[in-house]
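Chemist: Got a structure for you, written out below as structure tokens; questions coming shortly.
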Amino acid sequence: MPNWGGGAKCAACEKTVYHAEEIQCNGRSFHKPCFICMTCRKGLDSTTVAAHESEIYCKSCYGKKYGPKGYGYGQGAGALSSDPVDNEQLQSQESKPPRSSTNSNPGKFAQKFGSSDRCSRCSKAVYAAEKVMGAGKPWHKTCFRCLLCGKSLESTTVTDKDGELYCKVCYAKNFGPKGRGLGNMGVVEDGE
């Protein structure tokens, strides 16, 4: 059958996609309203789409379905933990009621968005998309800073002591060895 004035077929609804309404992804055409995540149905654009074979997803759903699995997922490769997961501890945490907050129904909110973790710095809920692990505790990306100088930290620049985060410079100045030739350029504790 000839294709008289039309365009390609939409990969989602299989109807004709005309040039003015076409979005292309992986060599396939979509209507703008059909260009949605296959899991959560959220509208996509070129910056939020993640394709897997013939399926399209938002980056969050793609990560859940095809990304790395295990404890620590969501923080990036530098923060993934290789520590064994204690399944009994996880099950007991899941069965506990969520902590109270100013939400009228925090249990349903936390269930829907998947978090009962609290940031170690600000004590607010930490969700997977904004969660960074440090010193064995969850933190918001924006709270993942040196306690003393406020410098933003990464997995390669963080040092912890007593459950708090420090940049390597502040840690060395405050907790490192003291004395001549030990990193503090001739600083002597008891005065020569």
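Chemist: Anything in the stretch 26-66 that is aromatic (Phe, Trp, Tyr) and surrounded by 18 or more Cβ atoms within 10 Å (Cβ to Cβ)? List them, or say none. Walk me through it before giving the result.
Modeler: Residues of the stretch 26-66 aromatic (Phe, Trp, Tyr): 30, 35, 57, 62, 66.
Within the stretch 26-66, Phe30, Phe35, Tyr57, Tyr62 qualify.
Chemist: A further question follows. Give me a count of the residues in the stretch 107-137 that are polar (S, T, N, Q), surrounded by 14 or more Cβ atoms within 10 Å (Cβ to Cβ) and either at positive phi or modelled with pLDDT of 85 or more (or both).
Modeler: Residues that pass the stated criteria total 1.
The values are calculated or read from the model by the stated rules, or taken from the named source; none is laboratory data. Because the structure is a prediction, the values reported are computed rather than measured. Cβ atoms come from the backbone with ideal geometry, glycine included; neighbour counts cover every protein chain shown.
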